Amino acid sequence: MKITDALRGEHGVFYAQFERIRKAVDDNASLDELQGATRVLATALVSHAMLENNLLFAALEPKIGGMGPLAVMRHEHNDIEGGFLELDSVKDAAIFKTRVVELMDYAVDHFAKEENILFPMAERALDELRLCELGADLAEARGVTLADRPMCG
């Protein structure tokens, strides 16, 4: 599987988590419940961003340079991670709810940039074999065993 396909799949999981947290906000869940759910989300987002940075972005950098889209994506990863980490210090439920929704909206916008701009750019800049090697690296980092079959295709 190409890394871009795997990362799109992870985005799908995040969209489901975002919807669950939005529903909890709308249902007036307690601050403790929301903090628990967002800690799990934050941990997963940090792991996702780290793998994007270390695998896909590192492979793309020699092809497209470290500035421009990659710099923007890395900056947004830091913003999202930092924003979720700051939520731990928020003790007011109304402020927490507003901030978590803002962060999720920011993450959705970030994912759209990756899905519509960065991933297609990666698919043009890197050949399919390299994308598949990176996909295997992502699977290994996630502890997923891929079936014995050709790399892709």
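The values are calculated or read from the model by the stated rules, or taken from the named source; none is laboratory data. As the structure is a prediction and not an experimental result, all values here were calculated from the model. Quick note on the areas: whole protein, heavy atoms, side chains included, nothing else; ligands and nucleic acids left out. Shrake-Rupley method; radii C 1.70, N 1.55, O 1.52, S 1.80 Å.
The figures follow:
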read-out	value
Rounded tilt (10° steps) of 128-142 against the dominant C-alpha axis of the chain	40
Relative contact order of the chain, defined on C-alpha pairs under 8 angstrom at six or more residues apart (%)	44
Mean shadow area of the stretch 42-112 over all directions, Cα convex hull, nm²	4.8
Percent accessible area from carbon and sulfur atoms, the stretch 58-149, protein chains only, probe 1.4 Å	54
Rg/Rg_globular for the chain, with Rg_globular taken as 2.2 N^0.38 Å and Rg from C-alpha atoms	1.13
Rel. contact order, % - alpha carbon contacts under 8 angstrom, at least six apart, the stretch 72-153	23
Alpha-carbon centroids, the stretch 74-103 and the stretch 16-66: separation in whole Å	11
Å² per residue, accessible surface of the chain at 1.4 Å	53
With Cα atoms, 0 to 90° folded angle of helix 31-51 axis to the chain main axis	20
Protein-only accessible surface order, largest first, of M121, M73 at 1.4 Å	M121, M73
The chain: calculated mean residue ellipticity at 222 nm from DSSP helix runs of at least 4, using -39500 (n - 2.57)	-24500 deg cm²/dmol
